[in-house]
Amino acid sequence: MAPAAARVLVLVLALAAASSLAGRADALRSLGVGDGAEAAAQGDYAVDLNATSFDAFLTASREQFAVVEFFAHWCPACRNYKPHYEKVAKLFNGPDAAHPGRILMARVDCASKVNVDLCSRFSVDHYPFLLWGPPPKFANTKWDRKQEKSEIKLIDDGRTAERLLKWINKQLESSFTLDDRKYENENMLPNNASDPKRVVQAIYDVEEATAHALQIILDNKMIKPDTRDSLIRFLQILVAHHPSKRCRRGSADLLINFDDHWPSNLSLSSQDSSKLLESVAADNHKICGKEVPRGYWIFCRGSKSETRGFSCGLWVLLHSLTVQIGDGESQSTFTSICDFIHNFFICEECRKHFYDMCSSVSVPFKSARDLSLWLWSTHNKVNERLMKEEKDMGTGDPSFPKAIWPPKALCPSCYRSSSRTSDGTLQVDWNEDEVFPFLVNYYGKTLVSSYKETYMESLQGRTQVGAALADDASSHAARVPIGAALGVAAASCTFGALACFWRTQQKNRKYSYRLHSLKKI
């Protein structure tokens, strides 16, 4: 057998063996590129491919997308670019990848004679030359920039690590950052999760919690004739006030199509309704974009896999909503939150405790301040109860014990005085005039500002929602404008359409929240 053929056979057999190892693509990456751990130790996370390994490797790759850099080892610009490329590759490749199995980062040296024809296949005309696409689409194919409807794209703005990652995030509607680290609870705990410098990371966990909540609702078929209205009202709040732009878009899309998925006359006893619910669950609607859920937590990460996580992310979401609403929305937001937890939070004991605290409110809320402080106080009461239970049962997170919040170090002006009881319980005389602005800044300005978007990106998202709401009028309605004046006008029309939509929903779905008349669980 010829040496080249033997190498190919060995490669194919090795690929087949590697593919059986728990679905991990990093096992594949060791093929043809030396030891993966050794390469990572040397700072090389991108996979070096050549004409012999290129097609077979990309065919076998399990990642959804690939970035392939074509370069020349003699090129000074390529040498200078390599550290930038490796910074991004480290996020997705290798044993310490923060986001393994998402994107394959590969490199091909066009200065090597064996790769001349391979580089010609992809019309490489400068260095470094970056292409993006599903890995199998690179195998056994030719590409040039004039090609229409190709799934392979030229990355035209990736000359730094920051710009390359921004380009990738735009394609995936993702939020990867160069600071992302591997999810290992024991080794990657935040030093101080209450630090305002860390809460900016909570935006990703709020997205994760939102997606997880919807998945629980779909998986457990919890949308019923007597619960659908409460979900509609909660989605309306998310459309207007969710701190993540893409969650606002996804909530609007789900709301617009709600009656198609769950008609108001839905009867769960019918065979058709069962099939409908299954089909919606199978669609796996991504309320915060196709890249969410990601399957891990950042700000809400616990030292144990069973601590913090979803419950933490949901609390952050609720706090964020209450500090962003207007005074006129305070009572409706309160009833929507209470109703949502009562109908869709799957932990029965937690649901009952929260319902009891909602039931204890006898006077309607007249301001966002009152609602924000109520939720903050309620959260502290929950923490006080869980502190005692977790201490008795030994089930708490040793690195993140429940505590009265915010700590004095984080907001000293929030405390008028504090003392400890005989059993060690902290008693605080709060200055609520200081607590409220702290909550607004912490869960509002600080959190929302962490989700960066340009003015045009923001405007484009709003016009897309407005166009969807306008339905048939969308072909004649707002588009992303060239002039700033047209942009302002288009945005105004969009929000007018959105407001009109909400008013129509309110008229069509009259829902009275009789909190005290509901039968307690």
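The values are calculated or read from the model by the stated rules, or taken from the named source; none is laboratory data. The structure presented is a predicted model; accordingly, all values stated were derived computationally and were not measured. Here the Cβ is made from the backbone with ideal geometry for all residues, glycine too, and neighbour counts use every protein chain on show. Protein only, heavy atoms only, side chains kept; ligands, DNA and RNA dropped before computing areas. Shrake-Rupley method; radii C 1.70, N 1.55, O 1.52, S 1.80 Å.
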For the cross-link pairs Lys408/Lys445; Lys90/Lys304; Lys149/Lys290; Lys286/Lys402; Lys90/Lys146, which exceed 29 Å when the distance is taken from alpha carbon to alpha carbon? Lys286/Lys402; Lys90/Lys146
Per residue, how much accessible area does the range 349-390 have with a 1.4 Å probe, in Å²? 48
Can you give me the Cα centroid spacing of the range 289-330 and the range 413-439 in angstrom? 24
From the square roots a ≥ b ≥ c of the eigenvalues of the alpha-carbon gyration tensor of the range 405-448, which class results: rounded (a/c under 1.5), prolate (a/b over b/c), or oblate? prolate
Sites Arg159 and Ser422, calculated FRET efficiency, Cβ-Cβ separation with R0 51 Å, nearest 0.05: 0.20
In terms of modelled amide H atoms, which long-range or inter-chain residues lie less than 5 Å from the amide H of Arg107? Val47, Asp48, Leu49, Glu69
For the range 243-255, in residue order, the Karplus 3J(HN,Hα) values (coefficients 6.51, -1.76, 1.60; θ = phi - 60°; whole Hz; Gly and Pro = x) are x, 9, 4, 6, 6, 5, 4, x, 5, 5, 5, 5, 5
Subtract the Cα-Cα distance of Cys347 and Thr141 from 0.36 nm times their separation in residues, and report this length gain in nm to one decimal. 69.0 nm
Carbon and sulfur: what percent of the range 302-378's accessible surface (1.4 Å probe)? 53
Could you rank Lys445, Lys388 by how accessible they are, 1.4 Å probe, largest area first? Lys445, Lys388
Collect residues whose amide H, placed 1.01 Å from N in the peptide plane, falls under 5 Å from the amide H of Tyr415; neighbours closer than 5 in sequence don't count. Asn431
Tell me whether the range 100-188 comes out rounded, prolate or oblate; compute the Cα gyration tensor, take square roots of the eigenvalues as a ≥ b ≥ c, and use a/c under 1.5 as the rounded threshold. prolate
